[in-house]
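Structure provided below as structure tokens; questions to follow.
The values are calculated or read from the model by the stated rules, or taken from the named source; none is laboratory data. This is a predicted model, so every value here is computed, not measured. Heads up, the Cβs are rebuilt from the backbone with ideal geometry, glycines too, and the neighbour counts pull from every protein chain shown. Surface accessibility is based on the protein's heavy atoms, side chains included, excluding ligands, DNA and RNA. Shrake-Rupley method; radii C 1.70, N 1.55, O 1.52, S 1.80 Å.
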Amino acid sequence: MVGITQDRAAWLARNVLPHEAALRAWLRQKYALGIEVDDVVQETYAILAALASVDQIRNPRSYAFQTAHSLILAHLRRSKIVSIRRASDLELQGALSDTPSPEQVAQDRDELENVARVLSDLPAKVREVFLLRRVHGLSQRETAERLGISENSVEKRVSQGIRALLATFGRGGKRGAKSLEDEEAPRRRDKDSE
Amino acid sequence: MSQSSDTPDDLTGNPIDASGADWVARLDRGALNAAEAERLSAWLAADVRHQGALARAQSAFAYLDRARALGAHFTGEAFAEAPMWAPPVPTALPAPSRRALLAGGAAVAASVAGAAVFGPGLYDRLFPKTPAQVYLSKKGEVKLVSLTDESTLTLNTHSRVDVDYTGDRRSVELREGEVMFSVAKDQERPLSVVAGDLEVRAVGTSFMVRNIEGRPPEVLVQEGMVDVVYRTQPSSLVRAAANTRVTAHGIGVGARLTKAAVSAATVARETAWRQGMIAFEGVSLATAAAEFSRYSETRIVIDDAAIATTTITGLFEADNPAGFSHAVAGSLGLKVETGPGFVRLYAE
């Protein structure tokens, strides 16, 4: 089995993705420990994706933080330069408040509105693909037919859209026009052209 | 949460995250060929961070699972001036219903796991004279059924349909509940849906049929054109286009059908249950409570008539009456009491 189930992806989307910005902010404070924030976030997702079941997780936010915390501890154990003071920098307390912030509550409440906003914020070419694929439920092939573009272009725009979403979540769900505007321009890593 | 954009981790530039997004886009397109599958497996095996990046990109894509609830009229433009919905409720949907209703979008899982080996299609081929196939949904469940002709039925909570495709027409009987039909075009074999005394005939279109005890049977056309007829009165036939509601009034000889135009937004709202959601626009709390009782054993109790007649607007998770009650209490300044099998809304 490659990848994760739709159920697990949905669980992560609801319960972890919205806390990712806070997790990154906390990890960034530990930057002095020699942690690559992206690495820890990716490994955290890998662990959460590989769990046999998430039914018992009552507080996914805490669980994600604790997972990241244990990853950093493992990292510190492996590196030989850890001093006692440095290890004590790694306080998990404070990062874990079980009561979500008022912003978080507001954000959760407006979840569908957030979905709408996230879609609205996508660059035009990406947005038209996502509207057909995700709002109207067409397949990529049908989307390509409807727009009169190649399936390769649709696939590429889906990838661009996902990157834009990831950037938005990493930033805390705020409108992030800055990093999205330039999606229209060819990206340096893209090999195939439209 | 107050990060500046010059933070040490470049959120868009991480090459592993970019590859994860590429793979999810590829998986969403359709099944991988052997070479691609091998490449993905090798990539995942190479580094645990790759597995995490794939999971993360998949969850970002899954975040948009709810986008269908926005409805076909959503364009994504001028959104700031026109907020769509009042408070949705933040809690998880149970796995089964989501899995069922997301089956269409589950290309990621399905393309990798391989096609289902046994379905109604094979069954029909093995047993061509089979009587009607019965599909049921439990309370609180939304179930997607794919038929052999690529038509799909989405059963709302507590519904039952009998499907008989053996004759020269495609026959479906809605015994109880509410079902959205998306009919594959076939001029030779029209599809007919019987719901009580109503019959709906379609060639290729999408529409919803309701047959709920205590309410008049109803047809809501989303796309295309259907004919609706009172089975006992062939002259009652009406032809209904998209965004039309046909309602049956009365029974027996005096029965008649009425036809009314509705907005696309209304159609979207009334079919929001397909995403596990209930949408209300200006309905009383009493009506909303009754609607929730179709989906959940937990009753919403409102003793105070003044509260019961208060109207609300919003999009809510169908299987979460408690979450709904808390959201309503929060915005109307009410209190919530939770007990075994009920949630009570009251004023202080």
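Which ³J(HN,Hα) values in Hz, rounded to whole numbers, follow from the phi angles of the range B:68-75 under the Karplus curve 6.51 cos²θ - 1.76 cosθ + 1.60, where θ = phi - 60° and Gly and Pro get x?
4, 5, 5, x, 5, 7, 6, 10
Could you pull out the GluC sites (Glu not before Pro) across the range B:186-285 that fall in loop regions by DSSP (anything but H, G, I, E, B) with no more than 16 other Cβ atoms inside 10 Å?
Sparse-neighbourhood loop GluC sites (Glu not before Pro): B:Glu188, B:Glu213.
Moving to a separate point now. Could you check the spin-label model distance between B:Arg231 and A:Leu147? Points 7 Å from the Cα along Cα→Cβ, value in nm.
4.6
A follow-up question, please. Probe radius 1.4 Å, ligands and nucleic acids left out: can you give me the accessible area buried at the A-B interface, summed over both chains, in Å² to the nearest hundred? Walk me through the intermediate numbers first.
Values: alone 12670 and 19020 Å², together 24820 Å².
So the buried area, both faces added, is about 6900 Å².
In Å², what does the accessible area per residue of the range B:127-195 work out to with a 1.4 Å probe? Write out the running numbers ahead of the final one.
Values: 3270 Å² over 69 residues.
Heavy-atom accessible area per residue stands at 47 Å².
Compare the Cα positions of B:Gly13, B:Ala46, B:Leu64 along the charge dipole of the range B:9-64 (+1 at Cβ of Lys, Arg; -1 at Cβ of Asp, Glu; about the Cα centre) and return the one farthest towards the positive end.
Looking along the dipole axis, the top candidate is B:Leu64.
Computing the accessible area with a 1.4 Å probe over protein heavy atoms, can you report the carbon and sulfur percentage for the range B:210-333?
Values: 2870 of 5430 Å².
It is 53 percent, rounded to a whole number.
Between B:Thr266 and B:Glu150, what is the label-point separation in nm under the 7 Å Cα-to-beta-carbon projection?
Distance between label points: 3.3 nm.
Taking 0.36 nm per residue of separation and subtracting the Cα-Cα distance, what length does fully extending B:Val238 through B:Thr311 add? Don't jump to the answer; show the numbers that get you there.
Working: separation 73, 0.36 × 73 = 26.28 nm, distance 3.36 nm.
The B:Val238-B:Thr311 span can extend by a further 22.9 nm.
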